[in-house]
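Everything below concerns the one structure shown next.
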Amino acid sequence: MTRNLLWRGMLAGILGALLATLFARGFAEPRIDLAIGYEESHAAHGKDHADTAHDGPPEEELVSRDTQKGAGLLTALALYGAAVGGIFSLVFAYGYGRMGHLGPRSFALLLAMLTFVLVVLVPAIKYPQTPPAVGKHETVALRTAAFFGMIALSLGAAIVAARLRAALARPGRGFDATLLGLVVYLGIVGLGQFLLPVIDEVPGDFPAALLWEFRIASIGTQLVLWLTIGLAFGLWAERVLSRHQADKFKA
């Protein structure tokens with residue numbers, strides 16, 4: 001049964017990636033094009049920005065912009081979707097039945113939205129998305145490590161909070177245990193965000209509206225991905241579990 005759930009989770013992730021790609025092409029990629037235009041216009045006027053100041057001739061473009069926002073975007077999101085969809089299915093298989101009496105579809109959707117909050121929204125508070133044209137090349141490694149560190153911190157804090165809630169939960173005290181778990185999660189995340197390095201490389205004259213629209217589009221792309229995974233996988237998981245229960249009954 002776990003194997004059946006695994007490949008369905010990967011398929012749900014790929015389906016989510018296809019829809020997320022369409023969303024990104026319509027909303028995120030146009031903002032990236034505008035950000036690149038901003039960078040190029042400032043380079044042409046000789047202004048010194050993080051990504052535009054360099055000596056010598058301009059670097060040759062290894063991958064065309066059309067490929068980046070076409071086949072490149074689809075391939076990257078499909079691989080990402082298949083990976084997170086497979087992990088999602090394993091977490092679902094472990095957690096199903098341990099969180100009350102939720103059905104497969106309700107639990108899958110709840111798990112997907114919880115993952116979206118922990119992996120996308122909470123890290124974005126500390127390190128919001130910025131267009132590829134913004135930022136210094138020499139800090140890419142630092143920015144990447146800090147962002148993934150924020151994701152790990154959020155997930156780790158959620159595990160600690162969940163275990164604390166489970167340990168303290170008693171009949172009639174579930175709300176108090178949940179509230180305490182939430183406070184612990186927020187406390188760990190807040191402390192981690194305070195200790196992690198501050199990274200702000202957006203030029204002061206970068207269009208604020210463009211930056212805001214890009215960040216909203218980036219979050220929207222992730223929301224489409226995780227919402228699709230939750231809905232599609234929940235539907236398929238319900239069928240697998242129903243068939244499994246029927247086979248057990250016949251046996």
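The values are calculated or read from the model by the stated rules, or taken from the named source; none is laboratory data. Treat the numbers as computed from the prediction; the structure is a model and nothing was measured. Please note: Cβ atoms are built from the backbone with ideal geometry, for glycine as well, and neighbour counts cover all protein chains shown. Quick note on the areas: whole protein, heavy atoms, side chains included, nothing else; ligands and nucleic acids left out. Shrake-Rupley method; radii C 1.70, N 1.55, O 1.52, S 1.80 Å.
What the table below lists for this structure:
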{"read-out": "Charged-residue dipole, Cβ positions (Lys, Arg, Asp, Glu), segment 131-251 about Cα centre, Debye nearest 20", "value": "860 debye"}
{"read-out": "Solvent exposure of the chain as accessible area per residue, Å², 1.4 Å probe", "value": "59 Å²"}
{"read-out": "Kyte-Doolittle mean at least -0.5 and Cα axial length at least 27 Å: DSSP H helices in the chain", "value": "2-23, 73-95, 140-168, 174-195, 208-250"}
{"read-out": "Accessible surface, 1.4 Å probe, highest first, among residues Asp200, Asp176, Asp33", "value": "Asp200, Asp176, Asp33"}
{"read-out": "Cα gyration tensor shape for the chain, rounded if a/c is under 1.5, else prolate or oblate", "value": "oblate"}
{"read-out": "Solvent-accessible surface (1.4 angstrom probe) belonging to Arg173, in square angstrom, nearest 10", "value": "130 Å²"}
{"read-out": "The chain: most fluctuating residue of Leu179, Leu114, Leu211 per GNM, C-alpha cutoff 10 Å", "value": "Leu179"}
{"read-out": "Total formal charge among the other residues, if their Cβ is under 9 angstrom from that of Ala177, Lys/Arg +1 and Asp/Glu -1", "value": "+2"}
{"read-out": "Percent accessible area from carbon and sulfur atoms, the chain, protein chains only, probe 1.4 Å", "value": "67 percent"}
{"read-out": "Top of Val183, Val202, Val224 by mean-square fluctuation, Gaussian network on the chain, Cα under 10 Å", "value": "Val183"}
{"read-out": "Cα centroid of segment 89-114 to Cα centroid of segment 185-251, whole Å", "value": "15 Å"}
